[in-house]
Amino acid sequence: MKVMITGGAGFIGSNFILYLHQNYKEYHILNVDKLTYASDLKFLASIEGSDRYSFSKTDITDRAAVRNLIRDFQPDAVIHLAAESHVDNSISGPEPFVMTNVVGTFNLLEECRQFWSEGRRKLSDYRFHHVSTDEVYGSLGESGLFTEETAYAPNSPYSATKASSDFMVRSYHHTYGMNVVTTNCSNNFGPHQHDEKLIPTIVRAALSGAPIPVYGKGENVRDWLYVGDHCTALDLAFHAGRSGETYNVGGRNEWKNIDLVKAICNLMNDLKGGGPQGDYKNLISFVSDRPGHDLRYAIDATKIENELGWQNTKDFTKCLTSTIEWYLARYS
Ligand SMILES: NC(=O)c1ccc[n+]([C@@H]2O[C@H](COP(=O)([O-])OP(=O)(O)OC[C@H]3O[C@@H](n4cnc5c(N)ncnc54)[C@H](O)[C@@H]3O)[C@@H](O)[C@H]2O)c1
């Protein structure tokens, strides 16, 4: 089985490649990544020499490059994680989001379709797994959960481009019979996340005694899932998800931003005994809210739990602690 994984040098992609390499010894994995600022191949150093792993520095917006790569590697399956992923960047400069998330996804779909249609096997014997986000559903009020039936209502350029890519993937199933599956996951945390994201930002600011920025009043709610649990969900959906279906993945673990920031400060107080200013919570500083900031995301994961037997297994506090320790080691 030859599996092409896009975006494998990023946060979730690198965690997932390590997981797949460990658990599927018969797979050959090709990691396709442009190596943007958000990537780091060092995360994959432990498998660099493996004969079951290879890497190609390729920009998925380059159609000819995608075509050549697919024809050289001849994948049986693609798991597509490459994306521009930071909402704030999508507000200050949306164009790379349109290029990578929409055009890049189209390039992969179309080149796979053409190549797989020429093969000896049926198009539906191959697999295209698209990795997406719960942000496509827009914002919830105080109550309710996103299900797979929730209407799409993306509010940021990031979520709008992810929604567009989800629709392209859907159309390749309905129009051409391509064997696709899409997973829409909530906020992940864990090792390998880029410095710009919330949890690394909190740890870095606290360590350097700088203000810990919190948008608005910190009232926004996110459903946090450990990246290792996302990996098991991707595994199940990739191998056993029904073709043409989407599966929501979430932690049933809602946190207001301000409460999460305080919890991290408390963990850091325990681990480091506080900073020069004493309690790290003294550094919390409220900043102007992100434009169009969605109030609340929360996932109903019943479908993947009941149909595929997935469970969010990890202990949140334990995982958050080990994650903080990982960033403390990185930034100290
Ligand atoms: N991080 C989350 O909480 C979260 C939650 C749900 C879904 N997702 C989705 O999961 C996927 C991975 O997210 P992440 O947090 O690991 O992102 P990330 O930003 O950490 O990594 C993205 C990777 O894609 C690569 N990439 C970007 N543009 C590319 C291009 N044009 N060609 C090839 N490679 C390119 C980058 O170099 C990077 O290695 C994304 O599709 C994202 O939408 C993320």
With Cα coordinates, the longest principal axis of the chain makes an angle with the long axis of helix 157-176, in degrees rounded to 10, of 20
Quick check on the chain: take the gyration tensor over C-alpha atoms, sort the square-rooted eigenvalues as a ≥ b ≥ c, and tell me if it's rounded (a/c under 1.5), prolate or oblate. prolate
Pairing the Cα long axis of helix 316-331 with the longest principal axis of the chain, what angle in degrees results, from 0 to 90 and rounded to the nearest 10? 90
Top of THR182, THR302, THR313 by mean-square fluctuation, Gaussian network on the chain, Cα under 10 Å: THR313
Which of these, LEU81, LEU225, LEU69, has the largest mean-square fluctuation under a Gaussian network model of the chain (Cα springs below 10 Å)? LEU69
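Over the chain, what is the percentage of antiparallel beta bridges among all DSSP beta bridges, to the nearest 5? Walk me through the numbers on the way to the answer.
Numbers: 5 of 41 bridges.
Antiparallel bridges: around 10 percent, rounded to the nearest 5.
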Roughly how many debye, to the nearest 20, is the charge dipole of the chain about its Cα centre, given +1 on each Lys and Arg Cβ, -1 on each Asp and Glu Cβ, and no other charges? 460
For TYR24, TYR172, ascending order of other Cβ atoms within 10 Å (fewest first) is TYR24, TYR172
Looking at the chain as a GNM with Cα springs under 10 Å, which of PHE316, PHE146, PHE97 has the largest mean-square fluctuation? PHE316
In degrees from 0 to 90, rounded to the nearest 10, what is the angle of the helix 257-272 Cα long axis to the longest principal axis of the chain? 70
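Given a cut-off of 22 Å, name the pairs among LYS122/LYS303; LYS197/LYS318; LYS197/LYS281; LYS272/LYS318 whose C-alpha atoms lie farther apart than that in the structure shown.
Table pairs above 22 Å Cα-Cα are LYS122/LYS303.
Every number here is computed from the coordinates shown, using simple stated rules; none is lab data. Just so it is clear, the structure is predicted and the values come from calculations on it, not from any experiment. Using ideal geometry, Cβ is built from the backbone for each residue, glycine included, and neighbour counts are taken over all protein chains shown.
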